[in-house]
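Peer 1: Below you'll find the structure I mean.
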């Protein structure tokens, strides 16, 4: 085989190896940010579905919300709260005012960054699920696809891609060994 062909194949192999390592690193980092860190800290990953918090959190942003001591909440904090206590539906908006009543009870006035007016009702501490800890733009759409109905096809596609990658890597390894063995003889 001419030296130019060996060099081109070596470069292509190095490029593919680099892409494979990069893809694996990305998958591991996303798994850590989406699954490991939230589980270890009692946090909850949520996907922004509306534009009420644009431009800070556009639709498709994944938010990781961790529990917060409501006595420490201040204006400017971004909270996730239940619309109705005991219901699954939540809203994530920014605190614009903390109200303390004469009996020491606190409540929070919230507003979406893109909204012209505050939320209809003050939020009570019992409704607060947590404060936004960190966010990952666009990753929420992926998380949505992996949840519920999409989980089956995503898991199947990832499994098939890994199997295909394994078969290709095995075939390339066998081919290289055969070539090396023939070159020695």
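Peer 1: Mind pulling the angle between the C-alpha long axis of helix 3-31 and the longest principal axis of the chain? Nearest 10 degrees, somewhere in 0 to 90.
Peer 2: Around 20 degrees separate the two axes.
Peer 1: Evaluate the relative contact order of the chain (contact order divided by residue number), counting alpha-carbon pairs under 8 angstrom at least 6 apart; express in whole percent.
Peer 2: Relative contact order for the chain comes out at 19 percent.
Peer 1: Still on this model: Using only the alpha-carbon atoms, how far is helix 151-184 inclined from the longest principal axis of the chain? Give it as 0 to 90 degrees, nearest 10.
Peer 2: Relative to the chain, helix 151-184 is tipped by roughly 30 degrees.
Peer 1: Report the full-extension gain for the segment residue 120 to residue 11: residue separation times 0.36 nm, less the Cα-Cα distance, to one decimal in nm. Write down the numbers at each step before the final one.
Peer 2: Working: separation 109, 0.36 × 109 = 39.24 nm, distance 6.11 nm.
Once the chain is fully extended between residue 120 and residue 11, it gains 33.1 nm.
Peer 1: Now, a different point. Need the full-extension length gain, residue 98 to residue 168, defined as separation in residues times 0.36 nm minus the C-alpha distance. One decimal, nm.
Peer 2: Stretched fully, the residue 98-residue 168 segment lengthens by 19.3 nm.
Peer 1: What ranking, highest mean first, results for peptides 63-69, 127-133, 50-56 when packing means the other Cβ atoms within 10 Å averaged over each residue?
Peer 2: On the way: 63-69: 17.9, 127-133: 20.7, 50-56: 15.4.
Put in order of decreasing packing, that is 127-133, 63-69, 50-56.
A short reminder: the numbers here are calculations on the coordinates, not readings from a lab. Keep in mind the model is a prediction, meaning the values are calculated, not measured. Glycine also receives a Cβ, built like all others from the backbone with ideal geometry; neighbour counts cover every protein chain displayed.
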